[in-house]
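Values quoted throughout were computed directly from the atomic coordinates according to the rules given, and no laboratory measurement underlies them. Because the structure is a prediction, the values reported are computed rather than measured. As a convention, Cβ positions derive from the backbone with ideal geometry for all residues, glycine included, and neighbour counts pool all protein chains shown.
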Amino acid sequence: MGSRQHVAMTGNEAVAHAMRQINPDVVAAYPITPQTDIVQFFSQFVADGMVKTEFVTVESEHSAMSATIGAAASGARAMTATSSQGLALMWEMLHIASGYRLPIVMPVVNRTLSGPINIHCDHSDTMGALTTGWIQLYSESAQEAYDNMIQAVRIAEHPDVQLPVMVCQDGFITSHGIESLEVLSDEEVAQFVGEYKPVYSVLDVDNPVTVGPLVLPDYLFEMKFQQAKAMEASRRVILEVGKEYARLTGREYGFLEGYKLEDAERVIVVLSSTAGTTRAVVDELRRKGEKVGLLKPRVIRPFPANELREALSQATAVAILDRAETFSTQGGPLFCEIRAAFYDAPTRPLMRNYIFGLGGRDVGTAQIESVFADLAADLARGSVKTPVSYLDVRE
């Protein structure tokens, strides 16, 4: 494609289109609903000769990640994609990809983890992977999924980072919903991501490296410390890449996006597609004179604690919506981390958590309005009656 275009695409199509423009050396893949479309579209690009990619069909997601790790370790720009049980089957390999400091980019279409089996959206898959050492970017729309894919390559491959990145979008809601979005020209994407120059390669016989050795107590600690420092360094890189992408596209991405927060007393914090529903409710309540707002995190790893505190500094009551359970009885993963981020803050808003939308349970404007109403009741009472509750569950 020689010029920018406004097109109608599903989220999966948009991601596959970004992958085609990135033109990775290797893609190893195994199908799983609702991600299958991504690798299906991409395999057609391979068959049609539109990419130079070596497409490897494997027998499981564990093998998909294993093959991607092998390709990345050899110096190839390598990708895969997955959802739900597929991500869970990759589990041990996720740690190996980050531990080996391999800049793999993997789109993940969020879907609930079994059991019982369910193919619809929640965030239990990627929230379960918070401790695997992967950077995580979340997308509200097909446009954001497309944009995040292109930026993820630059973030992962930065010499100060060298960590894998998950690019997440909501199963079926975004992945299979058709939206209008702007796609860049092939030339623009190729120039933005650049030619991959691996830091290490097992095939570089002039500069030999050891990959996958046994590391005992004398050095493992230091290696994990280096991973943590790389994750810290990614904060700067994510912002730098976001600003450069803004100069190219006019769309700037940071750690989070606020909506009508300047004077908002009551704020909902929520990831991905539900932010769109919340934005509509904010507009409706604003027309009625209510001071409400939305905060949509984009980056969960690294966790933007300082930025979240600053963004919520004017709020007096906050509801954090989690599309995943921790089963700690202390709330969802996003709630626990945001609440902890406020521990040393000089002032803290009243804060409550909702577990919502598990297994694809639909969340409409009525449910979001009820959350804002609960926050109003908390303010009137001066306390939170139920810190953790379940939105729209039948009890």
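Springs join every pair of Cα atoms under 10 Å in this Gaussian network model of the chain, and among Leu203, Leu295, Leu261 the largest mean-square fluctuation is at Leu203.
Pull out a ≥ b ≥ c, the square roots of the eigenvalues of the alpha-carbon gyration tensor of segment 139-262, then state rounded if a/c is under 1.5, prolate if not and a/b is larger than b/c, and oblate in the remaining case. Prolate, because a/c is 1.5 or more and a/b exceeds b/c. Please label the shape of segment 9-104 as rounded, prolate or oblate, based on the square roots a ≥ b ≥ c of the eigenvalues of the alpha-carbon gyration tensor (a/c under 1.5 means rounded; beyond that, a/b larger than b/c means prolate, else oblate). Oblate.
With 14 Å as the cut-off, how large is the P(r) tail for segment 134-175, expressed as percent of Cα-Cα pairs?
44 percent
Placing +1 on each Lys and Arg Cβ and -1 on each Asp and Glu Cβ, with no other charges, gives segment 5-249 a dipole about its Cα centre of roughly 400 debye.
Excluding same-chain neighbours fewer than eight residues apart, the lysines reachable from Lys52 by a Cα-Cα span under 27 Å are Lys197.
Evaluate the relative contact order of segment 74-127 (contact order divided by residue number), counting alpha-carbon pairs under 8 angstrom at least 6 apart; express in whole percent.
Details: 62 pairs, mean separation 21.7, N = 54.
In percent, rounded to a whole number, it is 40.
Note on segment 39-65 and segment 141-163: Cα centroid distance 20 Å, given to the nearest whole angstrom.
A Förster distance of 22 Å, applied to the separation of the beta-carbon atoms of Glu252 and Leu203, puts the FRET efficiency at 0.05.
Calculated mean residue ellipticity, 222 nm, the chain: -12500 deg cm²/dmol, from DSSP H runs (n ≥ 4) at -39500 (n - 2.57) each, averaged per residue and rounded to 500.
If the label point is 7 Å along Cα→Cβ of Asn118, which residues in segment 21-56 have backbone nitrogen under 18 Å from it? Correct set: 33-35. In this simple spin-label model, placing a label point 7 Å from the Cα along the Cα-to-Cβ direction at both Glu310 and Thr365 gives a separation of 3.4 nm.
Percent of Cα pairs in segment 207-340 per distance bin of 5 Å, from zero to the largest separation: 2, 9, 15, 16, 16, 14, 10, 7, 5, 3, 2, 1, 0, 0.
Enter the Cα centre distance for the pair segment 109-135 and segment 264-315, rounded to the nearest angstrom. Cα centres, segment 109-135 to segment 264-315: 23 Å. Ranked by the mean number of other Cβ atoms within 10 Å per residue, highest first, peptides 225-232, 138-145, 63-70, 363-370 order as 138-145, 63-70, 363-370, 225-232.
Placing unit charges on the Cβ atoms of the charged side chains and taking the dipole of segment 278-356 about its Cα centre, the candidate lying farthest along the positive direction among Leu285, Pro349, Val318 is Leu285.
Pairs of Cα atoms nearer than 8 Å and 6+ residues apart set the relative contact order; for the chain it is 16 percent. For a paramagnetic label modelled on Asp344 (point 7 Å from Cα along Cα→Cβ), amide N atoms under 17 Å away belong, within segment 226-262, to 232.
In this label model, Lys224 and Asp392 are separated by 4.0 nm, measuring between points 7 Å along each Cα→Cβ vector.
Working from label points 7 Å from Cα in the Cα-to-Cβ sense, the Gln191 to His6 distance is 2.3 nm. Comparing Arg352, Arg361, Arg235 in a Gaussian network model of the chain, where Cα atoms under 10 Å apart are tied by springs, the biggest mean-square fluctuation is seen for Arg361.
Based on Cβ point charges of +1 for Lys and Arg and -1 for Asp and Glu, what charge dipole magnitude is obtained for segment 32-145 about its Cα centre, in debye rounded to the nearest 20?
Working: 4 positive and 10 negative charges, 60 e Å.
It works out to roughly 280 debye.
Within the listed set Asp378, Asp206, Asp147, the Gaussian network model of the chain (springs between alpha-carbon atoms below 10 Å) gives the highest mean-square fluctuation for Asp206.
Under Stokes-Einstein, with the Kirkwood radius over Cα pairs standing in for Rh, what whole-number D in µm²/s applies to the chain at 20 °C and 1.002 mPa s?
Details: Rh = 21.5 Å.
Diffusion coefficient, whole number: 99 µm²/s.
Segment 370-395 and segment 1-38 have Cα centres lying 40 Å from one another.
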